[in-house]
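Written below as structure tokens is the structure these notes are about.
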Amino acid sequence: MTAEARPAAPVLTERQEARRRGILQAGAQLAGRGGFEAVQMREVADAAGVALGTLYRYFPSKVHLLVAIMQDQLQHLHITLRRQPPAGQDAAQRVAETLLRAFRALQRDPHLADAMVRALTFADRGVSPEVDAVSRLTTAIVLDAMGLEDPTQEQLAVVRVIEHTWHSALITWLSGRESIAQVKRDIETVCGLIDLPAARG
């Protein structure tokens with residue numbers, strides 16, 4: 001089913017939204033204490049004060065839950081960045097500053113970061129709507145930093161490369177194969193691609 005043909009998510013009542021918010025908070029707290037393995041659905045249900053069956057109606061698996069937590073984290077980041085936008089002189093600097101701010105936030109809660117990134121890595125087609133939402137949010141955050149409302153296909157291609165590098169850098173940092181300094185260099189290097197399309201034009 002294409003994104004266009006996929007039915008829209010049902011609108012939640014105020015009570016349902018509060019319940020969903022409680023589930024997200026409970027899942028994030030468990031992940032923050034022990035990472036991916038610590039997120040057990042029965043424990044999430046108990047911490048959120050909901051029945052296990054109710055939890056599964058909102059989130060069919062812990063991968064669905066953790067990807068939704070990442071989406072929630074990105075939404076908060078997006079709001080914060082719009083209130084306090086990056087101050088770089090050009091698009092490359094602003095995007096690099098944006099991604100490094102996000103990276104510093106993840107550093108403060110590495111267990112949660114690891115759980116969310118692992119969930120994204122494990123996600124199969126059944127989690128496509130949630131993964132797509134995370135991707136759209138990441139793209140929107142990068143485009144905001146670039147100052148673009150109507151990007152060209154070439155610019156969108158550059159954004160995709162930046163997102164892939166960002167995701168790869170997170171994985172290698174979380175696995176201990178890349179230092180924080182190297183993550184910073186990788187992000188700054190890939191953000192330098194932003195100016196190349198304009199230079200070629």
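The values are calculated or read from the model by the stated rules, or taken from the named source; none is laboratory data. None of the values given here were measured: they were computed from a predicted structure. Note that each Cβ is placed from the backbone with ideal geometry, even for glycine, and that neighbours are counted across all protein chains shown. The protein model used for the area step is the full one, side chains on, heavy atoms only, and it has no ligands, DNA or RNA in it. Shrake-Rupley method; radii C 1.70, N 1.55, O 1.52, S 1.80 Å.
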(request) With unit charges on the beta carbon (Lys/Arg positive, Asp/Glu negative), name the residue among ALA113, GLY49, HIS78 whose Cα is farthest towards the positive pole of the charge dipole of the chain. (result) GLY49
(message) Quick test of the membrane-span-like rule: which DSSP H helices of the chain reach at least 15 Å along their long axis (C-alpha atoms) with mean Kyte hydropathy at least -0.5?
(response) 62-83, 91-107, 110-122, 128-146, 153-174, 180-191
(request) Compute the Cα gyration tensor for the stretch 97-186, then decide on rounded, prolate or oblate, letting a ≥ b ≥ c be the square roots of its eigenvalues: rounded whenever a/c is under 1.5, prolate when a/b is larger than b/c in the other cases, and oblate in all that remain. (result) oblate
(request) Work from the charge dipole of the stretch 145-198 (Cβ charges, +1 for Lys and Arg, -1 for Asp and Glu, about the Cα centre) and give the residue of THR172, PRO151, THR189 farthest towards its positive end. (result) THR172
(request) Sort out the exposed loop GluC sites (Glu not before Pro) in the chain (DSSP loop, at most 12 other Cβ within 10 Å) and tell me the longest stretch that has none. (result) 5-148
(message) Could you compute how fast the chain diffuses translationally, taking Rh as the Kirkwood radius over C-alpha pairs and applying Stokes-Einstein at 4 °C with viscosity 1.567 mPa s? Give it in µm² per second.
(response) 72
(request) Collect residues whose amide H, placed 1.01 Å from N in the peptide plane, falls under 5 Å from the amide H of GLY88; neighbours closer than 5 in sequence don't count. (result) ARG94
(request) Determine the dipole magnitude for the stretch 1-154: charges of +1 sit on the beta-carbon of Lys and Arg, -1 on that of Asp and Glu, nothing else is charged, the reference point is the Cα centre, and the result goes in debye to the nearest 20. (result) 520
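According to the square roots a ≥ b ≥ c of the eigenvalues of the Cα gyration tensor, what is the shape class of the stretch 53-151, taking rounded for a/c under 1.5, prolate for a/b larger than b/c otherwise, and oblate for the remainder?
Cα axes put the stretch 53-151 in the prolate bin.
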(request) Along Cα→Cβ, 7 Å out, is where each label goes; now give me the distance between the ones at HIS167 and GLU37 in nm to one decimal. (result) 2.5
(message) Sorted from largest to smallest, which semi-axis lengths in Å does the alpha carbon gyration tensor of the stretch 99-141 give for its equivalent ellipsoid, taking the root of 5 times each eigenvalue?
(response) 20, 15, 5
(request) Measure off, as a whole percent, the carbon and sulfur share of the 1.4 Å-probe accessible area of the stretch 1-153, all protein chains present. (result) 50
(request) Could you grab the relative contact order for the chain? Cα pairs under 8 Å, six or more apart, rounded to a whole percent. (result) 23
